[in-house]
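Participant: There's a structure below that I have some questions on.
The values are calculated or read from the model by the stated rules, or taken from the named source; none is laboratory data. All of these numbers come straight from a predicted model, not from anything done at the bench. A quick note on method: Cβ atoms are made from the backbone with ideal geometry, for glycine too, and the neighbour counts reach across all protein chains shown.
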Amino acid sequence: MTKHQSAKEAHVREKLATPTDLKPEATRDISGALSALLADVFALYLKTKNFHWHMSGRHFRDYHLLLDEHGDQLFAMTDPIAERARKIGGTTIRSIGQIARQQRIADNDAEYVDAQDMLSELRDDNQRLVTSMRQVHNVCDEYGDVATASLLEVWIDESERRVWFLYEATRNPTGAND
């Protein structure tokens, strides 16, 4: 990085700076963790909608509605995550390309996915999201950012509920086909 690029980046950061009592390293670490989380939420949202749109089979209506509800929950998280990063003086996602570079939730571009496989994949992805949110919570705890931690606690609970519903929809305790 040249001296000119460094000065330009500092000028941009100054223009976007939001007053906060958090230390610069807290802003950097928390907003960075939130951006990665936001990329995962967008990736999971789109996968959930993909499966919602391409659902088929005998439980179509129930699964279609379930995934629509889950998609709504995920999308509802996006703005608060991005705004939280900005409130503490950080920046956030700017493009689909940035989402693609930062996401840790894998896409599924398959032409056809069986309904049970869709639900199992979403269950596992939601569980990964819970794990990621707990890690972001730990970063918040390290820097005393109780406001971000509080939001994460609600989203963790919502995500655990999605995992639970998807688990119950995919389990077959009797071993028989339903």
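Participant: Filter segment 47-60 down to the residues that are surrounded by 13 or more Cβ atoms within 10 Å (Cβ to Cβ), in a loop (DSSP other than H, G, I, E, B) and not hydroxyl-bearing (Ser, Thr, Tyr) and list them by number.
Facilitator: Narrowing segment 47-60 to residues surrounded by 13 or more Cβ atoms within 10 Å (Cβ to Cβ): 47-52, 54-56, 59.
Those left that are additionally in a loop (DSSP other than H, G, I, E, B): 54-56, 59.
The answer is HIS54, MET55, HIS59.
Participant: Same structure again: Considering only segment 11-33, state which residues are at pLDDT 70 or above and either outside any loop (DSSP other than H, G, I, E, B) or of a type in the set (Phe, Trp, Tyr) (or both).
Facilitator: Within segment 11-33, PRO24, GLU25, ALA26, THR27, ARG28, ASP29, ILE30, SER31, GLY32, ALA33 meet the criteria.
Participant: Would you tally the residues in segment 76-109 being closer than 24 Å to HIS59 by Cα and loosely packed, with under 13 Cβ neighbours inside 10 Å?
Facilitator: Of all residues in segment 76-109, those closer than 24 Å to HIS59 by Cα come to 107-109.
Applying the additional criterion that residues be loosely packed, with under 13 Cβ neighbours inside 10 Å yields 107, 109.
Qualifying residue count for the region: 2.
Participant: Working carefully through the options ASN108, ASN177, ASN172, find the one that is among the polar types (S, T, N, Q) and at pLDDT 95 or above. Even if it seems obvious, please write down each step before you answer.
Facilitator: Numbers: ASN177 fails: at pLDDT 95 or above; ASN172 fails: at pLDDT 95 or above.
Of the residues listed, the single one that is among the polar types (S, T, N, Q) and at pLDDT 95 or above is ASN108.
Participant: Do any residues in segment 110-129 that are over 20 Å from SER56 (Cβ atoms) have Cβ atoms under 6 Å from those of residues that are surrounded by fewer than 17 Cβ atoms within 10 Å (Cβ to Cβ), where the two are at least six apart or on different chains, and which pairs are they?
Facilitator: Once the first residue is over 20 Å from SER56 (Cβ atoms) and sits in segment 110-129, no partner that is surrounded by fewer than 17 Cβ atoms within 10 Å (Cβ to Cβ) comes close enough.
Participant: From the set of residues in segment 61-75 that are among the hydrophobic types (A, V, I, L, M, F, W, C) and touching a residue at least 12 places away in the same chain (Cβ under 8 Å), which is surrounded by the fewest Cβ atoms within 10 Å (Cβ to Cβ)?
Facilitator: Our first condition is that a residue be among the hydrophobic types (A, V, I, L, M, F, W, C); within segment 61-75, this holds for 65-67, 74-75.
Pick out the ones that are also touching a residue at least 12 places away in the same chain (Cβ under 8 Å) and you get 66-67, 74-75.
On the way: LEU66: 20, LEU67: 24, LEU74: 25, PHE75: 15.
It comes out as PHE75.
Participant: Working only within segment 110-152, note down all residues that are polar (S, T, N, Q), surrounded by fewer than 17 Cβ atoms within 10 Å (Cβ to Cβ) and closer than 16 Å to ASP40 by Cα.
Facilitator: Filtering segment 110-152 down to residues polar (S, T, N, Q) leaves 116, 120, 126-127, 131-132, 135, 138, 148, 150.
Adding the requirement that they be surrounded by fewer than 17 Cβ atoms within 10 Å (Cβ to Cβ) leaves 116, 127, 131, 135, 138, 150.
Scanning segment 110-152 gives GLN127, THR131, GLN135.
Participant: Filter segment 95-109 for residues that are among the β-branched types (Val, Ile, Thr) and either touching a strand residue (DSSP E or B) at 6+ places or on another chain (Cβ under 9 Å) or in contact (Cβ under 8 Å) with a residue 12 or more places away in the chain (or both) and give the result. Talk me through it step by step, then tell me what you get.
Facilitator: Here is the first cut: in segment 95-109, the ones among the β-branched types (Val, Ile, Thr) are 96, 99, 105.
ILE99, ILE105 - these are the residues of segment 95-109 that are among the β-branched types (Val, Ile, Thr) and either touching a strand residue (DSSP E or B) at 6+ places or on another chain (Cβ under 9 Å) or in contact (Cβ under 8 Å) with a residue 12 or more places away in the chain (or both).
Participant: While we're looking at this one, here's another question. Taking the conditions exactly as written (assigned to a helix (DSSP H, G or I), more than 19 Å from THR20 (Cβ to Cβ) and among the acidic types (Asp, Glu)), does GLU142 satisfy them or not?
Facilitator: On the way: assigned to a helix (DSSP H, G or I): yes; more than 19 Å from THR20 (Cβ to Cβ): no; among the acidic types (Asp, Glu): yes.
No; evaluated as a whole, the condition is false for this residue.
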